[in-house]
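One structure is given here, and the rest of the page talks about it.
The values are calculated or read from the model by the stated rules, or taken from the named source; none is laboratory data. Just so you know, these numbers come straight off a predicted model, no measurement behind them. Neighbour counts are summed over all protein chains in view; Cβ atoms, including those assigned to glycine, are modelled from backbone coordinates with ideal geometry. Heads up: the accessible areas ignore ligands, DNA and RNA and are worked out on the full protein's heavy atoms, side chains in. Shrake-Rupley method; radii C 1.70, N 1.55, O 1.52, S 1.80 Å.
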Amino acid sequence: MGRVSPLPPPGPLRTLAYATLVNTVGAGLWLAGGALYLTRDVGLSATSVGAGLTVAGLGGLTASVPLGALADRWDPRTLRAVLQVGQALAALAYLLVGSFPAFLALAVPEALLAAGNLAVRAALVAAVGGPDGRVHAFATLRAVANLGITVGTALAGIALAVDTHRAYQVLVVGNAASYLLSAALLLRLPPQPATDGGRRTPGAPRRGGRGGPLRDGRFLAVSGASAVLSTHVTVLVLVVPLWTVDRAGAPPPVVSAVLLANTVLTVLLAVRLSRGAERAAPAARKLRRAGLVLAAATPLYAATAALPVLPAVVLLLVATAVWTVGDLWHGAAGAGLAYDLAPPDAIGAYQGADGLLAGLAQALGRGLLTLLVLGGGPVGWLVLGGIFAAAGLAAPALARRAIANRRAPETRPAGVPG
C-alpha cells in the first residue's frame with residue numbers, strides 16, 4: 001500500500017520537509033492575514049499595500065540570480081538558514097510599521113530575502129536529493145508546502161475572526177517564529193558541499209559558460225516557456241475566484257471549495273505525477289503534456305458561465321481537478337528542466353534565473369490575465385488555452401536545442417586528448 005502521509009521516510013529529506021512545513025505554516029498565516037493587518041490594524045489603504053507589494057516583489061526578483069550563485073560557492077544549508085533568520089527579523093519588524101514609507105522600506109528588503117531564498121532553496125533541494133532524486137524531493141516538498149499553507153491559513157482565520165490589535169500582533173509574531181524554527185531545523189541537516197566544489201579558479205567561466213544563466217539564451221528559452229505556464233498559479237488564486245463569483249454566479253464559499261480541491265489533490269498526487277522528469281528530454285515532454293492539459297481545462301472553466309449554479313459548481317470542481325494535474329506536471333517538468341539543463345557547478349545560479357523569469361511572468365500575469373479572462377469572457381479562456389498549448393508544444397524543441405548546447409563544450413576534435 002502506498003504512503004498516505006506527504007512526509008518522506010526518515011532522513012535528510014524528512015528534515016527538510018519538517019523545515020518546509022513549519023515555514024509554510026507561517027507563510028499561510030501571512031498570506032491570509034498580512035494584507036488585513038496592514039489595512040485594518042496599521043491603517044494603510046488597500047491601494048498603497050497593493051502598490052507597495054508590487055514594487056517590492058519586482059525589486060526582490062533581482063536577488064534571485066546573485067544569491068543562487070552564492071549557493072553554488074557556499075553551503076546552501078547554512079546560507080538558507082541565515083536568510084531565514086533575516087526573514088524572521090523582517091517579519092517581526094512589521095510590528096513597527098506605521099506609515100507607507102516605513103512599509104515600503106521594509107517590504108523591499110523582505111522581498112529581496114524571499115526571492116533569494118527561493119533560489120537557495122532550489123540549490124539545497126538539489127544537494128539533498130542528488131541528480132536522480134532532486135525532482136522527487138521538489139515534488140515532496142511541494143506537497144508538504146501545500147499542507148503547511150492550508151494549516152497556516154486556517155490558523156490565520158482565528159486571528160481574523162477576533163479582529164483585534166493583539167490578535168494581529170500574534171499573527172505577525174507567529175510568522176516570524178516560523179522562520180526561526182525552520183532555520184533551526186535546517187541546521188540539523190548535514191553540511192552540503194558547494195556545487196562548484198571550490199574547483200573553479202577566480203575569474204574563470206562556468207562550464208555552462210558564456211557569462212552565466214542570463215546570457216544562456218537556449219536555457220532562457222526553455223525557462224521562458226515554463227514561465228508562461230507558471231502563470232497557472234495566478235489563474236487559480238486570482239482569476240478563478242473572481243470568475244467563480246462574478247461570471248459563474250456561484251456563492252463565495254465555493255471559492256474555498258475550489259482551492260481546497262487543488263490543495264488536496266496536490267498533497268495526494270504531487271510525488272506520483274513527478275515521476276519521469278529527472279532528465280531534460282522526458283521533462284520537456286511532460287511540460288508539453290502540462291501545457292495541453294492546462295489548455296484542456298480552459299473551456300471547462302469557460303462553460304460554467306452558461307450553466308445554472310449547481311452544474312456550474314460541479315464543472316468548476318472538475319475543471320480544477322484537470323487544472324491541478326497540469327499544474328503538477330508543470331511543476332515537476334519545470335524543475336527537471338531547470339536542474340538538468342544547468343551546469344553542475346552553477347545549479348543555484350540557474351535556479352535563480354529560472355525563478356526570475358517565473359516571477360516576472362506571474363507579476364505581469366496578474367493584470368494581463370485578469371483583463372484577458374474577465375474582460376474577454378469565454379473567448380478569453382480559449383485564448384489563454386491557446387497560449388498554454390503553444391508554450392507546451394514548443395518545449396521539446398527548445399529543450400533539444402538547449403541539450404545540444406550543453407553537450408557542445410564536451411566534444412573535442414579527433415586526436416585531441418581529453
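Some notes on this structure:
- Computed from phi, the 3J(HN,Hα) profile of region 335-341 under the Karplus parametrisation 6.51, -1.76, 1.60 (θ = phi - 60°) reads 5, x, 5, 5, 6, 6, 7 Hz, with x in place of Gly and Pro.
- Sorted into 5 angstrom bins from 0, the C-alpha pair distances of region 1-99 split as 2, 9, 13, 19, 18, 14, 10, 8, 4, 1, 0, 0 percent.
- Cβ-placed point charges (K, R +1; D, E -1), dipole of the chain about Cα centre in debye, nearest 20: 1240
- Surface listing: Trp243, Trp329 arranged by accessible area from highest to lowest gives Trp329, Trp243, probe 1.4 Å.
- 1.4 Å probe accessible area per residue over region 4-162, in Å²: 40
- Rg over Rh for region 1-52 works out to 1.28, using Cα positions for both radii and the Kirkwood form for Rh.
- A simple charge model with +1 on the Cβ of Lys and Arg, -1 on the Cβ of Asp and Glu and nothing else charged puts the dipole of region 46-174 at about 140 debye relative to its Cα centre.
- Modelled spin labels at His165 and Arg40, positioned 7 Å past Cα toward Cβ, are 1.6 nm from each other.
- Residue among Ala93, Ala221, Pro253 farthest towards the positive dipole end of the chain, charges placed on Cβ: Ala221
- Calculated on the alpha-carbon coordinates, the convex hull of region 24-178 measures out at 98 cubic angstrom per residue.
- Taking the charge dipole of region 229-300 about its Cα centre, with +1 at Lys and Arg Cβ atoms and -1 at Asp and Glu Cβ atoms, the residue from His232, Ala277, Thr298 reaching farthest to the positive side is Ala277.
- Taking the convex hull of the alpha carbon positions in region 262-304 and averaging its projected area over all directions gives 3.6 nm².
- Top of Pro101, Pro299, Pro344 by mean-square fluctuation, Gaussian network on the chain, Cα under 10 Å: Pro101
- Think of it as helices only: each DSSP H run of n ≥ 4 in the chain is worth -39500 (n - 2.57), and spread over all residues that comes to -26000 deg cm²/dmol at 222 nm.
- Kirkwood-Stokes translational diffusion coefficient of region 254-325, alpha-carbon pairs, 25 °C, 0.890 mPa s, µm²/s: 184
- Taking the protein heavy atoms of region 51-200 in the context of the full set of protein chains, the accessible area attributed to carbon and sulfur is 72 percent at 1.4 Å.
- For region 263-418, the Stokes-Einstein estimate of translational diffusion at 4 °C and a viscosity of 1.567 mPa s comes to 74 µm²/s, using the Kirkwood hydrodynamic radius over alpha-carbon pairs.
- Within region 155-196: backbone nitrogen closer than 17 Å to the Leu260 label point (7 Å, Cα to C-beta): 155-158
- Normalised Debye scattering of region 292-371 at q = 0.22, 0.24 Å⁻¹ gives log10 I(q)/I(0) of -1.04, -1.11, counting only Cα atoms as equal scatterers and leaving out solvent.
- Accessible-area value, Asp354, 1.4 Å probe, nucleic acids and ligands omitted, Å²: 40
- Projected label points at Val82 and Ala397, each 7 Å from Cα along the beta carbon direction, are separated by 4.5 nanometres.
- Euclidean distance between Cα centres, region 208-275 to region 328-406, Å: 10
- The mean sequence distance of close C-alpha pairs (under 8 Å, at least 6 residues apart), as a share of the length of the chain, puts its relative contact order at 25 percent.
- When the Cα convex hull of the chain is projected onto planes of every orientation, the mean area is 21.4 nm².
- Taken along the Cα-to-beta-carbon direction at a fixed 7 Å, the label points for Leu89 and Ile158 span 3.0 nm.
- Ligands, DNA and RNA are left out, and with a 1.4 angstrom probe the accessible area of region 293-418 is 40 Å² per residue.
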